[in-house]
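S.K.: Structure below; questions to follow.
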Amino acid sequence: MIAETVCSAVSAAGLGIAVVTAYRKRFLAAARIAAYSLIPVGLVMTGVVDWLADTAFSPTAWAGFGVLGLSWVLFATTRTVERRRGGTRKERRPARAAAGSDAVAPAASAPSLGQGSRPAARPAPASRDEDFSDIEAILKKHGI
């Protein structure tokens with residue numbers, strides 16, 4: 001009974017503020033305030049306020065919220081553990097089977113390239129005459 005009275009008073013006050021706002025020619029803001037102020041009366045009329053009041057003072061409802069919280073904690077914990085281990089059980093089976101085989105090549109300690117060949121020596125730089133002959137040809141081409 002008290003909750004309904006408080007909700008009605010809040011709605012009446014909100015509608016009063018909306019009227020004052022509309023009087024100041026701020027109609028959009030007044031309509032928004034009126035919409036917000038009608039919510040408490042709507043909640044009372046639909047019975048949500050009674051349901052909340054019954055739930056707030058019911059030990060069974062609080063025990064239900066506790067069970068839901070425990071369920072959420074279990075889900076979060078299992079997800080965290082699953083991510084750290086690397087996926088679901090179906091994903092871990094092939095990975096475990098592959099890990100059982102030789103993960104390292106038998107001759108891994110031996111160098112893989114062996115003796116190999118040395119990189120080819122750099123070609124000898126062209127003589128200075130060849131470098132200048134190209135430049136001379138370009139200069140003659142341009143008439144310089």
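The values are calculated or read from the model by the stated rules, or taken from the named source; none is laboratory data. Here the structure is a predicted model, which means the values were calculated and not measured. We place every Cβ from the backbone using ideal geometry, glycine too, and count neighbours over all the protein chains shown. Side chains are part of the model used for accessible areas, which takes the heavy atoms of the whole protein and leaves out ligands, DNA and RNA. Shrake-Rupley method; radii C 1.70, N 1.55, O 1.52, S 1.80 Å.
S.K.: Efficiency by 1/(1 + (r/R0)^6): what FRET value for ALA9 and THR77, r their Cβ-Cβ distance, R0 = 41 Å, to the nearest 0.05? Numbers along the way, then the final one.
M.R.: Working: r = 46 Å, r/R0 = 1.11.
The pair ALA9/THR77 has a calculated efficiency of 0.35.
S.K.: Multiply the residue separation of ALA137 and PHE57 by 0.36 nm, subtract the distance between their alpha-carbon atoms, and state the gained length in nm to one decimal.
M.R.: Additional length available on full extension: 18.6 nm.
S.K.: Continuing with the same structure: Choose one of PRO59, ILE39, THR77: the residue whose Cα lies farthest towards the positive end of the charge dipole of region 31-92 (beta-carbon charges +1 Lys, Arg; -1 Asp, Glu; about the Cα centre).
M.R.: Of PRO59, ILE39, THR77, it is THR77.
S.K.: Per-residue accessible area for TYR36 at 1.4 Å probe radius, Å² rounded to 10?
M.R.: That residue has around 150 Å² of solvent-accessible surface.
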